[in-house]
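Structure first, commentary second.
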Amino acid sequence: MNFFAAFIVLALAFVSAFAYTGEGCREGVPVGEISFNGLTRTKPHVVERELAMKSGVPYSDSLFTADARRLESLDLFSDIRLSCTQSGEKQNVTLQFAEIFPFIPAPAGKKTDQDGWMLGGALAYLNFFGEDIRAEVQYRTSLDPVFDNNEYAIYASSPWLLGMPVGWNVELLRTDSYDELRNFHNASWLADVDLQWDFVKPYSLLVSGAYRYVEGYGHIPEAGVGLALDTRDSPMDSRRGLYEEVMVTRVGAHDLPENYVEYLSDLRGYYTFANRFVSGASILFRYRPGDVAFFDRYHHGGANTFRGAESDTSRHGEHEMLLNYEERFVLLERRPASIWGVNFFYGVQLVAGLDGSFLWDDRNPEWNDFSGAIYGGVHLLIPALDRIRIEVGYAPDTKEPKLYVGLYEKNVSQRWRSR
C-alpha cells in the first residue's frame, strides 16, 4: 500500500460525525426545565446567554452541537455533556460541565516580526467573579540575545459588559527593545481599548481607541470605528461560517510623528466537508494614505504573515494584503483531560495551504509586489493559546523549506503581529 492510500485509510478511520449527542434525549420533543451541574466558579447566566436551547424549543442534536461550540469558545470548559429525562410531553435537560482551572501560571510566548521569539512568565485568571472576565499579566524577553528585548503587558477582556452584549478588550504594554527590522530602539508605551457591540446578530459595531508614546518620537493617538458580520459557528477553531470586518482608523495628526487614515478589510470564510475536512480562506487588506512613520511600515515573513521566508529589511511597505487558503484535517477532535485535578483539553489537526503576500507604497500594487508560498504542518489545540502551529513553508523565491512555530490562529496573530 503506497503512502497516499495509507493516508486515505487513516483519514477514513478517524472520520466520525462532529456532533454532540444528548444522552437519553429524543429528537423533536420540546425541552422542559434546563439545569446545570459542575458550575463551581462560573455564574449560570454566563452559560444561559449562549444557549439557543430554551424551554419549549424542540430538542435536536444539531441545536446542542451549536450551543456547545459557542460555550467552548468561552475557553472556560474542558468538557460539556448533556442528558435528558422525560417529563410528560417534555424532557428536562441537564448540562454537565468540567471547568478549566482558572489560574494559569505558565510560560508566556509571543512571536513578532521585529523581535522573533520572546519567552517569559505569565499569570492568567480566566474567570474573574465567575463572569467570564479574563485578566493576565506577562513579562517576556527575547531569546537571542536574552534580556536584550523586554516587554511587560497587562490584558483584560470579556465578551459582555454590565450585562450587555458588548465585548471589550483592554491592553497596557511597555516595550523596551531594539527593532532589527526597522533599525531603531523601540522604547514605547501603549494603551489600547477595543469594544464590540453585537447590536443585531450577526452584526456588530466596532469602536477602538489607543494611545502610544514612542520615546524619541512623541505621542501617537488612534481612534477607529467599523462594522463586522460574524456567522461563524465559533470564533475559536471555526468550522463553518463567515467573518467580515471593515474599519476606518485615524492615526496621529499633522503635527505628530504620524498622520494617516487606515482602511481595513478582513474577510474569512470556513466550510466543513465530510465532518472533518475544514476549508478556510481569508483576505486581510490594509491601506494607509498619509504620513506613516518608518517604525510602522509593514514587513512580511514568518509564521504570522508569509510562511515562505523570514521577515527582513528588504521587503516592506506602507500598505499590505495577505491572502490565505488552508485545508485542515481534524486528526483528533477536541477532547477533555485532567492531570492532578486540573482540567484542560487538547486536539490535533493536520494542515496544508497557500500564502500570498502583497506589500507596496503610494501606487497601485503590481505583480512584482507579490510573493507566494505553500506550507504544511500540524496544529495542537490547547486552552488559552487557542493553538500551537508547527509548519514548514516553501517559497519559489527562497527555494528552501523553512520551519515556523506560531501561536494562536494566524488570522488573529497577523492583526497584532507587530505589537
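At a glance:
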| read-out | value |
| --- | --- |
| Lys/Arg +1, Asp/Glu -1 at C-beta; the chain dipole; positive extreme among Cys25, Tyr271, Leu51 | Cys25 |
| Total charge dipole magnitude, the stretch 365-419, about the Cα centre, Cβ charges on Lys, Arg, Asp, Glu only, Debye to nearest 20 | 260 |
| Kirkwood Rh (inverse of mean 1/r, distinct Cα pairs), the stretch 183-413, angstrom | 19.5 |
| Where chymotrypsin sites (Phe, Trp or Tyr not before Pro) fall in DSSP loop in the stretch 127-226, at most 12 other Cβ within 10 Å | Phe129 |
| At R0 = 30 Å, FRET efficiency that the Cβ-Cβ distance of Ile154 and Glu244 yields, to 0.05 | 0.45 |
| Relative contact order (%) - criterion: Cα under 8 Å, at least six apart; region: the stretch 183-413 | 12 |
| Amide hydrogen neighbours beyond the local backbone of Gly32, cut-off 5 Å, H modeled | Gly56, Gln91, Asn92, Val93 |
| Phi to ³J(HN,Hα) by Karplus 6.51 cos²θ - 1.76 cosθ + 1.60 over the stretch 252-266, Hz, x for Gly, Pro | x, 7, 5, 9, 10, x, 10, 7, 8, 10, 9, 10, 10, 9, 10 |
| Charge-dipole axis of the chain as Lys and Arg at +1 and Asp and Glu at -1 on Cβ define it, positive-most pick from His254, Val405, His300 | Val405 |
| The stretch 198-258: trypsin sites (Lys or Arg not before Pro) falling in loop per DSSP and having at most 13 other Cβ within 10 Å | none |
| Backbone HN-Hα couplings from phi across the stretch 54-62 [Karplus 6.51/-1.76/1.60, Hz, Gly and Pro as x] | 10, 4, x, 7, x, 6, 8, 5, 5 |
| Rounded to 5, percent antiparallel among DSSP beta bridges of the chain | 95 |
| The stretch 20-99: relative contact order in percent, alpha carbon pairs under 8 Å with at least 6 residues between | 46 |
| Helical contribution to [θ] at 222 nm, DSSP H n ≥ 4, -39,500 (n - 2.57), averaged over the chain, rounded to 500 | -2000 deg cm²/dmol |
| Student exercise, the stretch 20-99 dipole from Lys, Arg, Asp, Glu Cβ charges, in Debye to nearest 20 | 180 |
| Normalised contact order of the chain, rounded percent, pairs of Cα under 8 Å and 6 or more residues apart | 10 |
| Note, ³J(HN,Hα) from phi for the stretch 172-186, Karplus 6.51, -1.76, 1.60, rounded to Hz, x at Gly and Pro | 10, 9, 10, 10, 9, 8, 9, 8, 6, 6, 10, 6, 7, 7, 8 |
| In the stretch 312-413, chymotrypsin sites (Phe, Trp or Tyr not before Pro) in a DSSP loop with at most 13 other beta-carbon atoms within 10 Å | Trp340 |
| The chain, dipole about Cα centre (Lys/Arg Cβ +1, Asp/Glu Cβ -1), debye to the nearest 20 | 1140 |
| Dipole of the chain, positive end: most advanced residue of Trp340, Pro235, Ala281 [Cβ charges, Cα centre] | Trp340 |
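Every number in this text was worked out from the coordinates using simple rules, so none of it is lab data. If you're wondering where the values come from, they're calculated on a predicted model, not measured in any experiment. Here Cβ is always computed from backbone atoms with ideal geometry, including for glycine, and neighbour counts include all displayed protein chains.
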